[in-house]
1. To check you understand DSSP bridge types, tell me what percent of the beta bridges within chain B (both residues inside) are antiparallel, rounded to 5.
2. Under a plain spin-label model, where a point goes 7 Å from the Cα along Cα-to-Cβ, how far apart in nm are B:Lys150 and A:Ile24?
3. Tell me the label-point distance for the pair A:Val62, A:Leu176, using the 7 Å Cα-to-Cβ offset, in nm and rounded to one decimal.
4. Check B:Val68: other-chain or 5+ apart residues with amide H under 5 Å from its amide H, H built from backbone geometry?
5. With N denoting the number of residues in the protein assembly as shown, provide Rg(C-alpha) divided by 2.2 N^0.38 Å, to two decimal places.
6. Rg (Å, one decimal) plus Dmax (Å, integer) for the alpha carbons of chain A?
7. In Å, what Kirkwood hydrodynamic radius results for chain B from the alpha-carbon pair distances?
8. Any idea what the relative contact order of the stretch B:3-103 is, in percent, if you count C-alpha pairs under 8 Å spaced at least 6 apart?
Amino acid sequence: MAVTGLILIAFLLMHMFGNLKMFIGADSFNHYAEWLKGQTADGGILYPILPAGWFIWIFRVVLLAAVVLHIYSAVTLWSRALAANPTTYEAKRKLAQTYSARTMRWGGIILAGVLIFHLLQFTVHATLIAGAFEDNPYKMVLGEFSIWWMVLVYAIWMVAVCMHIRHGFWSAFATLGANTSAKARAILNGCAWAVALILYIGFMIMPVSVLFGWIGA
Amino acid sequence: MNVTLRVWRQANAHSEGRMVTYQVQDVSPDMSFLEMLDLLNEDLTVKGEEPVAFDHDCREGICGMCGVVINGTAHGRGSSPVPTTTCQLHMRSFEDGAVIDVEPWRAGPFPVIKDLVVDRSAFDRIIQAGGYVSVSTGSAPDAHANAVGKQKADRAFDAATCIGCGACVAACPNSSAMLFTAAKITHLAMLPQGQPERHLRVKKMLSQHDAEGFGGCTNIGECAEVCPKQIPFDTISQLNRDLIASLFKRDGK
Ligand code: HEM
Ligand code: SF4
Ligand code: FES
């Protein structure tokens, strides 16, 4: 759970950083997208260590494995908790838990649901609302995020994602043994907030800028 | 003061339980919560009704017998200004005329025996699985024969104060007993006597913990909040560090 979660967070940071290339311009963003897929003249990322175009598939397999193992661990934890809780309290008051911690499971399901839509949209190109721009990722992104409700959907989705990370980041480190004192706990939780906020702002600033015409107008 | 109690009544492990409402009159604010229950039971006995069964022993916060969930928090932590056991919670923590819900610990591995009494022998079996040291005892050693650093000694002592009350399980949304298990692991892991079985112990105790049907820890933190002995939350990370280390030791030793 902890290891796969941290892999996914690392991916998100990289993904966010890549998306910001939208601000530099069409050439930069398109080159980056092609570079990841090994379609650029220089053979793309990690060429010639790997044959051109292999990186993206290895990367996808690793990500998919991380997602599958992450969900498998979550289902195991959830079913163990249900089995250990056959009866519920008539009155129950929470003293310590955060909203993020409490919504890891249902929140995770919502997050995964929108992730499928997101992949169908930008990777498979099956649910592109503004029409397909097959070989121009830059225009494709511009098209999708000129739709106001699309930006809203992503804004809500990213709230779910970043809340998940708010608890997940700290929890992963605690599981790996890094919660060594009350101070360490405060620091880890502070870092979790920072990562979640950076990801939210970093991901949303681009779609919002597209919507208001600050990019590509 | 007068209070209204809504108490969980359940005749035995196999019958259905339900909340029953009782009025308790002339409660002194200086009474402990258990003394208030005694008052109720005397009243019930006079009326010829079955008294409410609840566990207790020392009544001074050191034995760990007395836990119940009060107004939705274990040991009534939500009503008390300080970490407490149920026996050390006083009626001055409640308003006159208060309505107070009293329920047993609820977790699959802690089945209700009667009313507010649950069977916590699952904890004993976790201890039996590895909460011991196999050094030869005999005559008492010299006080300085095994020097223990101040920091480690303090951590061991802090963890050793766990009284096995089960509040951590009762409060945990996953019904995990990780704080209890981690307290025992940390206590022994800090001391020289605990080293021989250190890594085998964490595997044995955790597998017993899981076999008893307790849930897994997701670092939510309700446990440490209600713990009457303030067992530090970071003992769970100590357990995790020992567990990770044990994966790289032959035979887990
Ligand atoms: C507002 C936030 C996001 C935006 C704007 C965004 C944008 C994109 C775009 C444009 C692509 C396709 C790139 C291409 O085909 O050239 C993509 C792919 C992807 N995104 Fe996102 N994304 C966001 C958030 C996320 C999040 C939160 C996750 C994971 C939880 C995620 C996971 C993925 C995955 C797995 C891929 C596919 C990588 C592959 O092709 O193998 N994205 N994203
Ligand atoms: S860790 Fe605290 S709450 Fe849990 S059994 Fe020990 S004393 Fe009770
Ligand atoms: S009766 Fe012993 S701790 Fe409460």
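Just so you know, all these numbers are worked out from the coordinates, no wet-lab data involved. If you're wondering where the values come from, they're calculated on a predicted model, not measured in any experiment. Don't worry about glycine lacking a Cβ; one is built from the backbone with ideal geometry, like all the others, and counts go over all protein chains shown.
1. Taking every DSSP beta bridge within chain B, about 80 percent pair in antiparallel fashion.
2. 5.5 nm
3. Spacing of the two 7 Å Cα→Cβ label points: 1.4 nm.
4. Hits under the 5 Å cutoff: B:His75, B:Thr86.
5. Working: Rg = 27.8 Å, N = 470, 2.2 N^0.38 = 22.8 Å.
The value comes to 1.22.
6. Answer for chain A, Rg first and Dmax second: 19.6, 66 Å.
7. Numbers: mean 1/r = 0.0512 Å⁻¹.
Mean inverse Cα-Cα distance, inverted, gives 19.5 Å.
8. Details: 161 pairs, mean separation 33.5, N = 101.
It rounds to 33 percent for the stretch B:3-103.
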